[in-house]
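Single-structure report; data block below.
The values are calculated or read from the model by the stated rules, or taken from the named source; none is laboratory data. Note that the coordinates shown come from a computational prediction; the quantities given were computed from them, not determined experimentally. A quick note on method: Cβ atoms are made from the backbone with ideal geometry, for glycine too, and the neighbour counts reach across all protein chains shown. When the accessible area is computed, the model is the full protein with side chains, heavy atoms only, and any ligands, DNA or RNA have been set aside. Shrake-Rupley method; radii C 1.70, N 1.55, O 1.52, S 1.80 Å.
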Protein chains: 2
Amino acid sequence: VSQPLLQAVGVLESCFKEKFGTPRQPNLVPDATAKLRIRAKFIPEQSLKGLEEFSHVWLLAYFHLNTNTRFVSTIHPPRLEGKTVGVFASRAPHRPSPIGLSVARLVKVEGDTLHLSELDLVDGTPIVDVKPYIPAYDSVPKAVPGWTARVGARELDVEFTAEAAAQARKLEPKNPGLRRLIEGVLRQDLRNPRDKSQLKDGKPFETFLYDLMIGFVVKKGVATVTAVVPAPKAPKPRVPVPPALLS
Amino acid sequence: VSQPLLQAVGVLESCFKEKFGTPRQPNLVPDATAKLRIRAKFIPEQSLKGLEEFSHVWLLAYFHLNTNTRFVSTIHPPRLEGKTVGVFASRAPHRPSPIGLSVARLVKVEGDTLHLSELDLVDGTPIVDVKPYIPAYDSVPKAVPGWTARVGARELDVEFTAEAAAQARKLEPKNPGLRRLIEGVLRQDLRNPRDKSQLKDGKPFETFLYDLMIGFVVKKGVATVTAVVPAPKAPKPRVPVPPALLS
């Protein structure tokens, strides 16, 4: 009997509950937290031995929200002003083998669970592999970053209404780093620049972090948080993991 | 119709013709060269657009030589003197999702073909994804390298007999960098430290680079190249790519 092609080693529990609001790259939002519990069939008490000595890990994620049914060869990076690049010149999730590559800070290993931060993955993502980050293999600080060097950061200023600031303060003890997390998430400008309706000044948005709903508006380069409240409704339910990964 | 879980985007043509002699990590052997031709179904003239601007790429390799039929939770790194580490604390090929992660220098893109160097993959390896290396996402020079910091380099000196040096000189024009490639490969000590028979001083070994056979012996920390000749026999035939990856 041969092995399956791919297996989920665990399913990520992330502070980001929806794609909208999940950072587009790792290490932008240091206060982002996530947990990965290794499935019992992979004997975590042995298979994680020695991992706690590393400060960073690679997560290979299966992009199960990928809804493409046919191959698309080019993509429009949201910040590249209409120009296209080939899918193999991008980190887009829509690719022939829909595997994402993200580095995360390994905060600690506790039994079968990795505690992670600085991550860019949405809650419910199946993780197909965990590898130690080995700088002698993986770190190439002088690598030439191609078109990504020409993409403007387009950061927003982030402010809170007095009411939202008070709400965040009250929830901070239960969610350490909450205010900085919200600032880090909104600073990136979550709006899709190709969706004109989203760019209208003052349009209300919401995103879900932990079990909270964050309401905000964007006007003239400033994101103003208007509400930080227990989520009055559930975010979209998790998309189930493909059964083939859970054999 | 949904996508297959994984697809080979191409099959690597590497200067390393056998596992024995293939470096254990990338960027140890700068003169190693490889080519990756993207399959026509992935429309390389579009899907590679913009990739030529990057200096380095990630290759996600499918470890199809993995012959494990059941999960093994710990491994013995050859240079860790008998100690074991968990499979998720290692980069070993035997893992639940047998995907390898290697950075390579992108020398150039020519039509449907990537010309690569500094790679650690054997000829015939199916590549399931190519991604640009983006230092802002991927480079963490200060990451703590765990147990790998305690593994001695154990480098050998490399010498050539007069005859082998003359042979290499004659073949160099057709194989630029050949002598440096051989030195880089043998410097690492290819012998398995847990196989006592390999450690006997003077035992003859051979490895295959391009279409050449390299003969060598190791004595007292020195690898001496004894022959650099057109391979008198084929190296082991390529193990076929799993058909599921070639749909």
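Before moving on, here are some points about what is shown:
- Taking amide H as placed 1.01 Å from N in the peptide plane, A:H56 has its amide H under 5 Å from the amide H of A:L106, A:Y133, B:V144, each at least 5 places away in sequence or on another chain.
- Residues of region A:10-34 buried by at least 40 Å² of accessible area upon assembly of all protein chains, compared with the chain on its own (1.4 Å probe): A:Q25.
- In this structure the amide hydrogen of B:T74, modeled in the peptide plane, comes within under 5 Å of the amide hydrogens of B:V87, none closer than 5 places in sequence on its chain.
- On the beta carbon distance between A:H94 and B:V107, with R0 = 30 Å, the FRET formula returns roughly 0.65.
- B:K108 contributes an accessible area of around 100 Å² to the protein surface, as traced by a 1.4 Å probe with all chains present.
- Whole-Hz Karplus values for region A:54-64 come out as 8, 8, 9, 10, 8, 10, 9, 9, 8, 6, 7 Hz, taken residue by residue from phi with 6.51 cos²θ - 1.76 cosθ + 1.60 and θ = phi - 60°; glycine and proline positions read x.
- Across the identical copies, the label point of A:K83 (7 Å from Cα in the Cβ direction) is separated from its matches by 4.8 nm, in order from shortest.
- Basic side chains Lys and Arg get +1 at the Cβ, acidic Asp and Glu get -1 at the Cβ, and with that the dipole of the protein assembly as shown about its Cα centre reaches some 480 debye.
- Relative contact order (%) - region B:93-197, alpha-carbon pairs under 8 angstrom, separation at least six: 16
- Against the main long axis of the alpha-carbon atoms of chain A, helix A:178-187 sits at an angle near 80°.
- Label-to-label distance, B:V239 versus B:N68, with points set 7 angstrom from Cα along the beta-carbon direction: 1.3 nm.
- Residues in region B:66-104 occluded by at least 40 Å² - accessible area, probe radius 1.4 Å, against chain by itself: B:T69, B:F71, B:S73, B:F88, B:A89, B:R91, B:R95, B:P96, B:S97, B:I99, B:L101
- In order through region B:202-212: 3J(HN,Hα) via Karplus (6.51 cos²θ - 1.76 cosθ + 1.60), integer Hz, x for Gly, Pro: x, 4, x, 10, 9, 9, 10, 10, 6, 9, 10
- Residues in the protein assembly as shown average 45 Å² of solvent-accessible surface per residue, probe 1.4 Å, ligands and nucleic acids excluded.
- The charge dipole of chain B, taken about the Cα centre with unit charges on the Cβ atoms of Lys, Arg (+1) and Asp, Glu (-1), comes to about 740 debye, rounded to the nearest 20.
- Most fluctuating residue given options B:N68, B:N175, B:N27, as computed from a GNM of chain B linking Cα atoms under 10 Å: B:N68
- Buried solvent-accessible surface, both chains (B, A), 1.4 Å probe, Å² to nearest 100: 6600
- Proximity of backbone amide H atoms, modeled 1.01 Å from N, is registered between A:L12 and A:G124, A:T125, A:I127 at under 5 Å, excluding neighbours fewer than 5 places apart on the same chain.
- Largest accessible area first, the residues A:D201, B:D31 order themselves as A:D201, B:D31 under a 1.4 Å probe with ligands, DNA and RNA left out.
- Spatially proximal aspartates and glutamates relative to B:K220 (Cα-Cα < 13 Å; intrachain offsets below 8 disregarded): B:E155, B:D157, B:E159, B:D189, B:D201
- Taking θ as phi - 60° and the Karplus parameters 6.51, -1.76 and 1.60, the scalar couplings of region B:31-43 work out to 7, 5, 10, 7, 10, 10, 9, 6, 4, 4, 4, 9, 6 Hz in sequence order, x denoting glycine and proline.
- Position B:G152, label points 7 Å along Cα→Cβ, spacing to each other copy in nm (shortest first, one decimal): 5.7
- Percent carbon-and-sulfur accessible area, the protein assembly as shown, ignoring ligands, DNA and RNA, probe 1.4 Å: 55
- Square roots of five times the Cα gyration tensor eigenvalues for the protein assembly as shown, Å: 45, 25, 20
- Dipole of region B:141-215 [Lys/Arg +1, Asp/Glu -1 at C-beta], most positive-end residue of B:A149, B:G215, B:Q167: B:A149
- Tilt relative to chain B, helix B:162-171 - C-alpha long axis, 0 to 90 degrees, to 10: 30
- Cα centroid separation - region A:217-247 against region B:16-54, whole Å: 38
- Rounded to the nearest 500, the 222 nm mean residue ellipticity of chain A from helices alone is -3000 deg cm²/dmol, with -39,500 (n - 2.57) taken per DSSP H run of at least 4 residues.
- For the residue pairs A:K108/A:K170; A:K142/B:K35; A:K83/A:K200; A:K19/B:K131; A:K49/A:K108; A:K49/A:K131, the alpha carbons lie more than 18 Å apart in A:K108/A:K170; A:K142/B:K35; A:K83/A:K200; A:K19/B:K131.
- Region B:123-247 - charge dipole about Cα centre, Lys and Arg +1 at Cβ, Asp and Glu -1, debye rounded to 20: 280
- Inter-copy spacing of A:E45 label points, which lie 7 Å from Cα along Cα→Cβ, given in nm from shortest upward: 6.0
- Between the residues B:V122, B:V109, B:A244, the greatest Cα displacement towards the positive end of the dipole of region B:108-247, with unit charges on the Cβ of Lys, Arg, Asp and Glu, is found for B:V122.
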